[in-house]
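Data block below; observations after.
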Amino acid sequence: RKKGVARLAEIMGRDMWNFFRAGFLAFLGCLPFIIGMFFAVETHALLFMLLAGIIGGLIAGPELSAMADTVLRSLRDEPGYWWETYRRVWKRNARESLVPGMLTGLVLSMQIFTLFHMSVISAGIVTWVLLILSFVATLGLESYIWPQIALLDQPLSLTLKNSINCMIAFLPHALAAAIVQVLFWGVVILCMPLGLFLMLIFGFWFVTEVSCQIVYGDIDRVFHIEENIRKMKDAELEAALKEDYADDDTPEE
């Protein structure tokens, strides 16, 4: 497999239409969060912030998980019909994605609300540094949370624990994935209302693809994703062959 920008170009040339469709659905899922945060910032109301984080996060979770699955399948060069796979994955992971979506949505809503009120609280350089570091930490953890939800069947507590451990163990990759997201979303926020157009066209799928490409090797190394999938497919093929042989050996009447 190619690496870096060459790999990004290869994947985008092959699967960009699937990325765009998954990203558009993720954009629709995140609209309640976006609208809620708009009202929270404009009215300075903590209630809108909490509603945007909790309800918006709950709604966005399944779409973000399904989009991560779309990107991860592309990274491991897995063929298939996108819509059938997307719909099956959405149904399978929807319930497990609700609480992670709510938690990450709530944390991000508080951080974004604070960002837009930094002038009100007369924030100094230390406060700015702490806020930026909190964004980096949150987005770095998310880079490992959503792929695990898409790939693994495990409790949320274990997902969070694994994400923290992976972020510490592979800190340069986690920081790189987080910085890519911080820079992109920073541009989107600063360019509002043009940022909505950027978010619709590039926002969710592009930044997810880049961050997943950065951390995918770490996830595969820890959880042996491709090896386990290969073993599972080999077992399915062996079972199918045995069934075919059994049918061939059945005596004719």
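The values are calculated or read from the model by the stated rules, or taken from the named source; none is laboratory data. Computed from a predicted model, the values in this text were never measured in an experiment. In this analysis, Cβ positions are derived from the backbone assuming ideal geometry, glycine residues included, and neighbour counts consider all displayed protein chains. Only protein heavy atoms, including side chains, enter the accessible area calculation; ligands, DNA and RNA are left aside. Shrake-Rupley method; radii C 1.70, N 1.55, O 1.52, S 1.80 Å.
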### Task
Using only Cα atoms, tell me the angle between helix 204-223 and the longest principal axis of the chain; keep it within 0 to 90° and round to the nearest 10.
60
#### Entry: Under 27 Å, Cα to Cα: Lys pairs in the chain, sequence gap 8 or more or different chains
10
### Task
Set Lys and Arg Cβ to +1 and Asp and Glu Cβ to -1, take the dipole of the range 30-172 about its Cα centre, and tell me which of Leu58, Ala45, Pro155 lies farthest positive.
Pro155
### Query
Mind checking the angle between helix 4-43 and the chain's longest principal axis? C-alpha axes, 0 to 90 degrees, to the nearest 10.
40
### Percentage, to the nearest whole number, of Cα pairs in the range 51-106 over 16 Å apart
42
### Task
Diagonalise the Cα gyration tensor of the range 1-97 and give the resulting equivalent ellipsoid semi-axes, square root of 5 times each eigenvalue, largest first, whole Å.
31, 16, 10
## Note on the structure
Averaged over all viewing directions, the convex hull of the alpha carbons in the range 102-253 casts a projected area in nm² of 13.6
### the range 1-129, relative contact order [Cα under 8 Å, separation at least 6], %
29
### Query
Which percent of the accessible heavy-atom area of the chain goes to carbon and sulfur, probe 1.4 angstrom?
70
### Message
Can you tell me which of Gln148, Gln111, Gln181 moves the most in a GNM of the chain? Springs connect C-alpha atoms under 10 Å apart.
### Response
Gln111
### Task
Take the chain, connect every pair of alpha-carbon atoms lying under 10 Å apart with a spring to form a Gaussian network, then pick out the residue of Phe223, Phe24, Phe206 with the largest mean-square fluctuation.
Phe223
### Query
Between the helical axis of 82-115 and the dominant principal axis of the chain, each derived from Cα atoms, what acute angle in degrees is found, rounded to the nearest 10?
20
### Query
Rounded to the nearest 500 deg cm²/dmol, what is the calculated helix-only ellipticity per residue at 222 nm for the chain, with -39500 (n - 2.57) per DSSP H run of length n ≥ 4?
-29000 deg cm²/dmol
### Query
When only Cα pairs under 8 Å and 6 or more residues apart are kept, what is the percent relative contact order across the chain?
21
### Task
Hey, can you find the accessible area per residue of the chain for me, probe 1.4 Å, expressed in square angstrom?
56
## Note on the structure
Across Leu72, Leu152, Leu106, the residue with the highest GNM fluctuation in the chain (Cα network, 10 Å cutoff) is Leu152
